[in-house]
Amino acid sequence: MNEIVIDHKKYISTKQAAALTGYAKDYVGHLRLYYRVPARLIGRSWYVLESALNDHRHGNITSGETEERPKKKEQGKILF
């Protein structure tokens, strides 16, 4: 599964995101990890918001477009 739609927003796998943008898969993971691009964990795979990835790639960062991800604290660790 390379893409998924959640709340009318298209998310693509980090592998597909790397292939589409030319970024390394690790860099896409870095964008996800540091909230540059909204992402969702589905099963054991991460999916990033395609429109936000394209905006980041082209330098079109608009305030209010990123989603806030809830954080859980479990046994001293922060889980995303």
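The values are calculated or read from the model by the stated rules, or taken from the named source; none is laboratory data. All values derive from a computational prediction rather than experimental measurement. Here the Cβ positions follow ideal geometry from the backbone for every residue, glycine too, while neighbour counts run over all protein chains shown. Note: accessible area is taken over every heavy atom of the protein model, side chains too, but ligands, DNA and RNA are not part of it. Shrake-Rupley method; radii C 1.70, N 1.55, O 1.52, S 1.80 Å.
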Taking only pairs six or more apart or across chains, which ones have beta-carbon atoms under 6 Å, a first residue in region 34-47 that is closer than 21 Å to His8 by Cβ, and a second residue that is in a loop (DSSP other than H, G, I, E, B)? Pro38/Thr66; Pro38/Glu67
Selection within region 1-29 - open to solvent by less than 80 Å² (accessible area, probe 1.4 Å) and farther than 17 Å from His58 by Cα: Ile4, Ile6, Lys9, Lys10, Tyr11, Ile12, Ser13, Thr14, Gln16, Gly29
Evaluate the following for Gly22: is it at positive phi and small (Gly, Ala, Ser)? yes
Restricting to region 10-43, name every residue that is more than 12 Å from the chain's Cα centre (by Cα) and not in a helix (DSSP H, G or I). Gly22, Tyr23, Ala24, Gly43
